[in-house]
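J.: Input: one structure, supplied below.
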Amino acid sequence: KATQKALDAPKNALITDARNAGYSVPPSYSNPNFINKSLAKVAGEADLARIASAKNQQVTNNLARKSVGLADDQPITVAALTEVRKQAGQAYKVLNGFGEIPPDRKFAKDLIDITKNYTSAGRDFNVAGGDRIQNIVNQVRSDRFGSDAALNMIKIARNDASAAFRAGDTDLGLANQKLANAIEGQLERAVAQNTKVPRAAVANFINARKVIAKTYSIENALDATGNVSARKLASTLGKKPLTSELKQAAQFSQAYPQLNNVGVHGGNGITLFDSLVGIGGGVATGSPAVAALTLGRPALKAGLNSNAAGKLFGTPSYNSA
């Protein structure tokens with residue numbers, strides 16, 4: 001049991017943090033013992049997941065708003081995210097007239113990293129798609145570039161990334177996104193190393209860069225109804241940097257995709273079985289037991305998805321007999 005507790009530690013820590021953020025994790029997922037699994041069977045496992053997904057979608061949306069400073073009651077739209085970028089972009093004025101910047105070794109390495117998978121595989125395999133990724137990198141190979149040109153190139157790469165993600169071309173989207181990050185990283189290092197730039201302006205620039213990157217991550221995971229897909233965020237884990245609230249949403253969805261299924265499976269978790277058994281069976285039999293089942297199953301579903309039930313029954317015990 002001590003060994004199992006050590007092995008479960010990362011999972012249990014993730015679930016604890018998720019519950020603290022407001023995510024719903026039914027006990028049968030976090031502590032799948034006999035009692036919890038039996039209760040889930042009675043309530044309906046698919047229904048539990050649907051109810052949890054609906055609740056968890058709101059939590060993901062709230063985390064996304066918080067990460068870029070949107071108000072709790074503000075809809076997440078492309079226009080809202082664009083306005084956030086506009087406000088954060090004020091910090092980029094520190095680059096106005098900054099002059100030409102010679103790329104450093106880190107920038108060269110960042111460009112190599114964009115194509116390394118295709119380059120490595122292409123030595124022994126006929127890999128499709130490598131040329132178009134290489135062409136993206138070739139756009140910026142230069143001994144030096146102006147700060148104004150660099151800012152425009154960042155916008156182009158970000159827009160190309162968003163278009164690629166919308167078209168379902170993840171590889172092309174990530175390549176453009178990495179290119180934008182590489183150029184921004186070079187600008188950040190150039191600003192930080194310039195002693196004439198006030199340190200407060202450097203800090204504002206670094207923070208603005210992070211906020212803008214988050215807005216693009218949210219936009220690329222945004223659906224037509226204004227929901228941020230935690231599953232789409234999870235699909236980019238390990239491929240691009242996610243921080244703070246967006247990383248938490250992505251990691252939770254990666255661990256429990258079935259609890260983040262809004263837009264994949266509809267419904268509110270109250271099934272036709274509940275209605276038929278309750279209305280038809282109750283009228284036909286007049287049975288108090290049937291009536292109890294009618295009220296009991298929906299109540300059980302809601303109860304098992306509550307934070308209280310998760311903490312009370314969903315925390316594994318490694319010391320019990």
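The values are calculated or read from the model by the stated rules, or taken from the named source; none is laboratory data. This is a predicted model, so every value here is computed, not measured. When we count neighbours, we look across all protein chains shown, and the Cβ atoms used for this are built from the backbone with ideal geometry, even at glycine. For the accessible areas, the whole protein counts, side chains as well, though only heavy atoms, and no ligand, DNA or RNA atoms are used. Shrake-Rupley method; radii C 1.70, N 1.55, O 1.52, S 1.80 Å.
J.: Give, to the nearest whole percent, the P(r) tail of the stretch 14-55 beyond 15 angstrom, counting all Cα pairs.
T.: Working: 358 of 861 pairs.
For the stretch 14-55, the fraction of Cα-Cα distances above 15 Å is 42 percent.
J.: Quick one: 3J(HN,Hα) in Hz for the stretch 177-189, Karplus 6.51/-1.76/1.60 with θ = phi - 60°, rounded, Gly and Pro as x.
T.: Each residue's phi maps through the Karplus curve to give 5, 5, 4, 4, 5, 5, 5, 4, x, 5, 4, 4, 5 Hz.
J.: Follow-up. What are the ³J(HN,Hα) values, in whole Hz, obtained from phi via the Karplus relation 6.51 cos²θ - 1.76 cosθ + 1.60 with θ = phi - 60°, for each residue of the stretch 150-161 in sequence order, with x given for Gly and Pro?
T.: Along the stretch 150-161, the couplings run 5, 5, 5, 5, 4, 4, 4, 5, 5, 5, 5, 5 Hz.
J.: Non-local amide H neighbours of residue 101 (under 5 Å, H modeled in plane, Pro and chain starts lacking H): which ones?
T.: Answer set, sorted by chain and number: 145, 146, 147.
J.: Right, here's the next one. Excluding ligands and nucleic acids, what accessible area in Å² is computed for residue 94 using a 1.4 Å probe, to the nearest 10?
T.: Accessible area, nearest 10 Å²: 40 Å².
J.: Under a Cβ-Cβ cut-off of 14 Å, what is the net charge of the residues other than residue 79 that fall near it, where Lys and Arg count +1 and Asp and Glu count -1?
T.: On the way: positive: 85, 86; negative: 83, 219.
Here the charged neighbours net out to 0.
J.: Please calculate the 1.4 Å probe accessible area of residue 67, with all protein chains present, and give it to the nearest 10 Å².
T.: Around 10 Å² of this residue is reachable by solvent.
J.: Another question about this same structure. Quote the accessible area belonging to residue 98 in square angstrom, nearest 10, computed with a 1.4 Å probe and with ligands, DNA and RNA left uncounted.
T.: For residue 98, the solvent-accessible surface is approximately 50 Å².
J.: To the nearest 20 debye, what is the magnitude of the charge dipole of the stretch 30-167 about its Cα centre, counting +1 on the Cβ of each Lys and Arg and -1 on the Cβ of each Asp and Glu?
T.: Dipole about the Cα centre, nearest 20: 180 debye.
J.: Right, next: Taking the highest mean first, how do the peptides 103-111, 227-235, 243-251 order by number of other beta carbon atoms within 10 angstrom per residue?
T.: Listed from highest to lowest mean packing, they are 227-235, 243-251, 103-111.
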